[in-house]
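Undergrad: Have a look at this one before I ask anything.
Just so it is clear, none of the values below were taken in a lab; they were calculated from the coordinates. As the structure is a computational prediction, the values presented were derived from the model and not from experiment. Neighbour counts run over all protein chains shown; Cβ positions are idealised from the backbone, glycine included.
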Amino acid sequence: MLKRFLSLLLVGAMVVAVAGPAAAAPKTIKIGILGPFTGSLAFNAGEMKKGMLLALDEINTRGGLFGKEIELIFGDSECKPDKGLSAVKKLLTRNKVLVVGGGYCSSVNIATSEICNMEKCPVVVAIAISPTITNRGLKYIFRTSPNSPMFLNGINLWLEKVKKPKTVAFFMENSDYGRDGEEIWSGIAKKIGAKELAHLYFEIGDTDFTTQISKLKNLKPDVTFNIASTTEASLIQKQAKELNFLTQWIGVGGQFTEAYFKMSGSICEYAMGSSLEPTLNMKDPETAAFVNAYQKKYPGARPGIFSSQGYDNLMVIFDAVKRAGKPTGNLSKDRNKIRDALTTTDIKLSQGRVTFGKDGQVYTVFPSPVQVQLKDCKPGLHVIYPPEKAAAKYQNPKPWAQRKCK
């Protein structure tokens, strides 16, 4: 069904391309940005966008590229594959962008990257982490963030060597994002001999998790794996407290946004994940420069993982467009030149050095296992593993009644 839909979209794109009049040379360099800018994930996409707008300001205030301003054109996917396909079709055929960046929600990006590859337009995914995005042999697809196995590698080592849980449970977003993480963690559970007590799911946008949490409470898992975005993760934490369910929550880390801390408050204490939170790596000059520039542009705001991923994603695209040379006005030729330039990317940014493997995946950015710990009842992230990088010691979750901060 998806392939038939993609084929119909591609035919429509070809009709537009053939029937339309020859376009004048664009006055700006157009880059498409895809993301769920409305819906339950709008805050996270907004954080990505803020990082991108910072990068855009830095380039355009220096004169843009080749004497032209960079123009970002945003397409709203709403985290729905059909909406994402419609948005990316518009970016490719109506807006005639040179390259597509951004990208949140794995199920959307699996679909949209396929049509971009068919149209031979390079895509640089910023956030979506499903391995499927880059493991299909699509030559126009790149990703500037770790995939899910890479994201979970550090926390898996900690589980194997430190925590060593005897029982685990899974409470996952019912999506490619959640299912991929579930498969990886199920593998690590088998490796360390932990018994898998339950595999439970929820849909994006759900607000009532009491049925699943009640089941988990009866099972009493040592560790509960929970892949969720900001809003759902916060609600799950609150309802776990209401039901007096105690476990070691482990997520991916993308949920640990400024909004998550505001919504959860002290309730999210002890939650864990793997993160590329930029404020945890201020000794790195590129990271520190990003954080300082972000706080100057957005006074009082804390730059999180999504803002730094957005910034790095767009900086990689700028770098490739620059190295590809001045656009000729031949859209197909210019897109191919940018695609070729992306294959030789080697740039140091806020989350680390970015180079791509033959599959278009970055393998040089390494998340760290983190835990939410409180200071004056305010939550903050702390690297807890490996020992040589740890800024704090791991804390076992205390029963709700024994916690000082309510």
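Undergrad: Give me the orientation-averaged projected area of the Cα convex hull of segment 249-401, in nm², one decimal.
TA: 11.5 nm²
Undergrad: Could you work out the relative contact order of the chain? I mean the mean sequence separation of Cα pairs under 8 Å and 6+ apart, divided by the number of residues, in percent.
TA: 18 percent
Undergrad: Relative contact order of segment 111-206: what whole-number percent is it, with Cα pairs under 8 angstrom and at least 6 residues apart?
TA: 24 percent
Undergrad: If you don't mind, there's one more thing I want to ask. Counting only helical runs of four or more DSSP H residues, what would the 222 nm mean residue ellipticity of the chain come to if each run contributes -39,500 (n - 2.57) and the total is spread over all its residues?
TA: -13000 deg cm²/dmol
Undergrad: Please report 155, 347 as a ranked list, fewest other C-beta atoms within 10 angstrom at the top and most at the bottom.
TA: The most exposed by this proxy come first: 347, 155.
Undergrad: With N set to the number of residues, divide the alpha-carbon radius of gyration of segment 171-268 by 2.2 N^0.38 Å and report two decimals.
TA: That ratio works out to 1.02.
Undergrad: Aspartates and glutamates within cross-link reach of residue 241: Cα-Cα under 12 Å, excluding same-chain residues under 8 positions apart?
TA: Residue 241 reaches 269.
Undergrad: While we're looking at this one, here's another question. Gain in length, residue 238 to residue 82, computed as 0.36 nm per residue apart minus the alpha-carbon separation, to one decimal in nm?
TA: 52.9 nm
Undergrad: Choose one of 237, 218, 168: the residue whose Cα lies farthest towards the positive end of the charge dipole of segment 166-321 (beta-carbon charges +1 Lys, Arg; -1 Asp, Glu; about the Cα centre).
TA: Ranked along the dipole, the leading option is 218.
Undergrad: A follow-up question, please. How high is the relative contact order of segment 158-315? Use alpha-carbon pairs under 8 Å, at least six apart in sequence, and give a whole percent.
TA: 18 percent
Undergrad: Only four residue types carry charge here, +1 at the Cβ of Lys and Arg and -1 at the Cβ of Asp and Glu. Report the dipole size of the chain about the Cα centre in Debye, rounded to the nearest 20.
TA: Taking the Cα centre of the chain as origin, the dipole is about 360 debye.
Undergrad: Give me the percent of DSSP beta bridges within the chain that run antiparallel, rounded to the nearest 5.
TA: Once the DSSP bridges in the chain are tallied, antiparallel ones form about 35 percent.
Undergrad: By how many nm would the segment from residue 347 to residue 328 grow when fully extended, if each residue of separation counts as 0.36 nm and the alpha-carbon distance is taken off?
TA: Net length gain for the segment: 4.3 nm.
Undergrad: In whole Å, what are the Cα extents of the chain along the three principal axes, biggest one first?
TA: Cα extents, longest axis first: 70, 47, 33 Å.
Undergrad: Moving to a separate point now. I need 38, 61 ordered by Cβ neighbour count within 10 Å, fewest first.
TA: 61, 38
Undergrad: In nm, to one decimal, how far is the modelled label at residue 340 from the one at residue 198, with both set 7 Å along Cα→Cβ?
TA: Between residue 340 and residue 198, the simple spin-label model gives 5.6 nm.
Undergrad: Exposure proxy check: 279, 231 ranked by fewest other beta carbons within 10 Å?
TA: 279, 231
Undergrad: Roughly how many nanometres apart are two label points built 7 Å out from the Cα toward the Cβ at residue 136 and residue 292?
TA: For residue 136 paired with residue 292, the spin-label model returns 4.3 nm.
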